[in-house]
C-alpha cells in the first residue's frame, strides 16, 4: 500500500484530498503548515508528497527546496492557486515533479498521483543500474553518483534519464518524452522538457553547455549517447 503525505492548510481541500485518496486505497498522513510538513517528510517514508505552495510558517517552495537539499527524492506534486507560469517553473526548478492548479477535479489529481507512482514503479522494475562516463546510476535505490560522489536528482529527473537511457542512440522527440515521463493526457508545455533537460545536464555533464551524453537534435528532441 502506497503512503502519501498531504501538506495543505485549507481544511476543505485537505479533507477532500484525504477522503479521495483513502477511497483509492492509499495510506494518508496530513500536515497543515510548511514546518510540520517538512518535519514529517524528513522523519517518515512516503511514496509521494502533495504539497501546497501557499502555506503558513514555511511556503511550499521552501519545503520542496529543503527536501531536495536533504537528498529526499520522493515525487512531489505541487498544488497552486496561482496560474502564473513563473510559479510553475519555479516549483519545477526547485525539484517538484508535477503541479496541479486550483481549482482542480479529484479525477485530475488522482490521475496525476497514479502517473507519478506508476513512473516510479516502472523505473524500479526496469533498468536496475547503469554506468556511463564517471556516472553510476542505481534506479532501484534512486541513487546516482558522479566521480563517486552522491548527487541529488528528483524523481522526475530519474524518470527522464531512465527513458533516455532506454532509448540510447535514438532521437526521441519532446512529445514522446512528455508522454512517457509526465504521462498521457497531462498538459505540460514542451519547453518544460527543455528546462528539465537543462537541469539534468547541470548535474551529470562535465560541461552542460557542451554535453557528452544528452544531446539536443534541433527541431526534434534529444538523444542519449555514451
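Just so it is clear, none of the values below were taken in a lab; they were calculated from the coordinates. The model shown is predicted, which means the values in this text are computed figures rather than measured ones. Positions of Cβ are generated from backbone atoms using ideal geometry, with glycine treated the same way; all protein chains shown enter the neighbour counts.
A few notes on this one:
- As a rough guide to protection, the peptides 212-222, 162-172 ranked by mean Cβ packing within 10 Å, highest first, stand as 162-172, 212-222.
- The helix-only estimate of mean residue ellipticity at 222 nm for the chain, built from DSSP H runs of length n ≥ 4 each weighted as -39500 (n - 2.57), is -13000 deg cm²/dmol after division by the residue total.
- Highest mobility in the GNM of the chain, judged by mean-square fluctuation with C-alpha springs under 10 Å and restricted to 110, 150, 23, is found for 23.
- Point-to-point label distance, residue 24-residue 175, nm (Cα→Cβ direction, 7 Å offset): 2.7 nm
- Over all pairs of different C-alpha atoms in the chain, the reciprocal of the mean inverse distance, the Kirkwood hydrodynamic radius, equals 17.9 Å.
- Note on the stretch 127-224: Cα-only Rg and Dmax are 12.8, 39 Å.
- Residue 81/residue 42 FRET efficiency (R0 22 Å; Cβ-Cβ; nearest 0.05): 0.30
- Relative to the longest principal axis of the Cα atoms of the chain, helix 60-69 runs at roughly 50 degrees.
- A viscosity of 1.306 mPa s and a temperature of 10 °C, combined with the Kirkwood radius over Cα pairs in Stokes-Einstein, give a translational diffusion coefficient for the stretch 3-121 of 114 µm²/s.
- The angle between the Cα long axis of helix 106-125 and the main principal axis of the chain comes to about 40°, on a 0 to 90 degree scale.
- The angle between the Cα long axis of helix 155-166 and the longest principal axis of the Cα atoms of the chain comes to about 30 degrees, rounded to the nearest 10.
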